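**Student:** Questions regarding the structure given below will be posed in turn.
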């Protein structure tokens, strides 16, 4: 394999007048004219406004190759020639010095940088790198102060979670701060949605010298289904630690849960119920009853579970555990098609918890229970109750669509049209709202010019855009980057997958409040490559949302940005895949985050598994080894994801639904589902996808795709 690294200057196809760019390409990949033209086009889009970009890339590659002396020299050259990148180059030089073995020198350099720069996006980045080095040198107290300065931000952005974790681990090493660190992991065990974070936090707590922490650790391990490990932790708690009555009861609660986990359900359930009856004022009592219900339902002991639920309602009528238990009861009955019993418990939940955030979801579920039982009028009643009682709920689009389906089935066409109109009105960003829009065009004569079609299948549109707004006035990140070096840096860092992008983004978001055109800032940050941070910040600040929760088109274009747009458009032309479909997949897979890695190991903007990337490089000449080996670089990930979805589209004869199902669940599974019922409609295929994850995946991407088509003119 031959690689070429050089400066390129001059004119290329009359397009490029003057540029500097580092090339890293495989010669045999660009032999045909079409690829040469595409390559030239991409280069033309990459004109730099920062003279040190190529050197920065070179230095980074030198670090990856362990050529630390060369890298430090290159970073120093940036300091001398590019003021905009100089502070970051200094930080990089210091971290490279640490990699070379000179931690003391690196620490001193970072301190000099921090003292020399009182403001700027690089300051907190330098504080973080300094904290990491000090922690590694076991200078924990010093490190703690710098961690605190690094995470001192107005909004908790997603990428700062790992920094907070590192700061908490550092606190565990400081006697006076150890409890603060433990508080972080206590909260993590109880609140995180991430399996491995809960598991790791639980394992940290098991070494605590407090009974409460070890009990919490064991309960966290149970939630992670580490039953033997949970039993071991519970057994490690000395009886002498259980000096207070509440600690004894917590330990008894844990013991009962472990009995249930090990299959001794009757004994465990009896123990939980006894604890709740003997100590009804205990903060663990309602939790004990909830887990008793969960255990009983898993054994299909419905009558006994009903009895415990009645006890929960009587003793704790306002507890969230009671609400959870009632909902589990309803869903268990629904699973076994016990319609009236399920509806009884759904209604009980609505009666006791009318203001619960899940109430619209519960009414929707109840409507579907009636619908699947063939009780159409009762189902319509539930769907309409949702729309009436919760008019601002995001579930109105779903409920109105299904009410329209049932009304149409019962030949009440006028009423069906009204429901479809309501669904489309409320349904921007929602799958069923776009399905309703499709029906309004194909079945009720809505002008196609008002609702442009999407090429979802060779035969039909399937979902249709809802263009409620004036055309996008246009936004050119390139123009913004040329006038504001901050955005030029952001774009450069983000497009190369460098961590500096998020620090630059943080500094930019904090200046939005004082900017004359906040929308311009939000879009610049999002389309520059840190879209999810822009989305989080806009959500925290409630930007462009009215008192009813309705979002303006300005807010929608922040939620559905066009990051890496120039490159996405180039890929679209090269592989004949709609650029908005590419972005829709990226949104669903990672919300455009190149640094995101799933617990299964998928990484990058398009969340490809390393083995999938390697396979693509083996079988498709459009993918190089370099593409496959660096999944966190957005351009590599986007290219591989586009090539992969193109392959799925080709084998599905252009059917986007089959291609998306294949992308998520594998083409073999999709083929099996198609063969199982070859005469089913596309509607039936989507609704009958047996993998719930894949069904949601297909629906979500179709809704993203239609949303993009609704809020952008081209």
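No lab work stands behind these numbers, since they all come straight from the coordinates. What you see is a predicted model, and the numbers here were worked out from it, not measured in a lab. Positions of Cβ are backbone-derived with ideal geometry, glycine not excepted, and every protein chain shown enters the neighbour counts.
**Student:** With an 8 Å cut-off on Cα pairs and a minimum separation of 6 or more residues, tell me the relative contact order of segment 53-152 in percent.
**Tutor:** Over segment 53-152, the number comes to 17 percent.
**Student:** Also: With only alpha-carbon atoms in the gyration tensor, what are the semi-axes of the equivalent ellipsoid for the chain, in Å, largest first? Intermediate results must be reported in sequence, preceding the final value.
**Tutor:** Values: eigenvalues 415, 299, 104 Å².
Values for the chain, descending: 46, 39, 23 Å.
**Student:** I'd like the FRET efficiency for residue 104 and residue 187, computed as 1/(1 + (r/R0)^6) with the beta carbon distance as r and R0 of 51 Å, rounded to 0.05.
**Tutor:** 0.90
**Student:** Once the piece of chain linking residue 714 and residue 356 is laid out straight, how much longer is it, given 0.36 nm per residue of separation minus the C-alpha distance between them?
**Tutor:** Extra length available between residue 714 and residue 356 comes to 124.9 nm.
**Student:** With a Förster radius of 22 Å, plug the Cβ-Cβ distance of residue 696 and residue 674 into 1/(1 + (r/R0)^6) and report the FRET value to the nearest 0.05.
**Tutor:** In this case the efficiency is close to 0.70.
**Student:** Across all directions of projection, what mean area in square nanometres is found for the Cα convex hull of segment 578-711?
**Tutor:** 8.1
**Student:** Once you have all Cα-Cα distances for segment 645-707, histogram them in 5 Å bins from zero and send the whole-percent values.
**Tutor:** 4, 20, 31, 29, 14, 2, 0
**Student:** Please work out the Kirkwood hydrodynamic radius for segment 438-477, using every pair of different C-alpha atoms, and report it in angstroms with one decimal place.
**Tutor:** 11.6
**Student:** Moving on. What is the distance, in nm, between label points placed 7 Å from the Cα along the Cα-to-Cβ direction at residue 597 and at residue 344?
**Tutor:** Using points 7 Å along Cα→Cβ, the separation is 5.1 nm.
**Student:** Give me the three principal axis extents of segment 100-232 from the C-alpha atoms, as integers in angstrom, largest value leading.
**Tutor:** Answer, in whole Å and largest first: 53, 29, 29 Å.
**Student:** Then there's this: Run the simple label-point estimate for residue 484 and residue 137 please: 7 Å along Cα→C-beta, distance reported in nm.
**Tutor:** It works out to 3.7 nm between the two label points.
**Student:** What is the Rg over Rh value, at two decimals, for segment 74-154, using alpha-carbon atoms and the Kirkwood definition of Rh?
**Tutor:** Result for segment 74-154 is an Rg/Rh of 0.97.
**Student:** Packing-wise, with mean Cβ within 10 Å as the measure, how do 440-449, 693-702, 658-667, 549-558 rank, highest first?
**Tutor:** Descending mean neighbour count gives 658-667, 693-702, 549-558, 440-449.
**Student:** Sticking with this one: At a Förster radius of 35 Å, what calculated FRET efficiency corresponds to the Cβ-Cβ distance of residue 650 and residue 447, to the nearest 0.05?
**Tutor:** Calculated value: 0.55.
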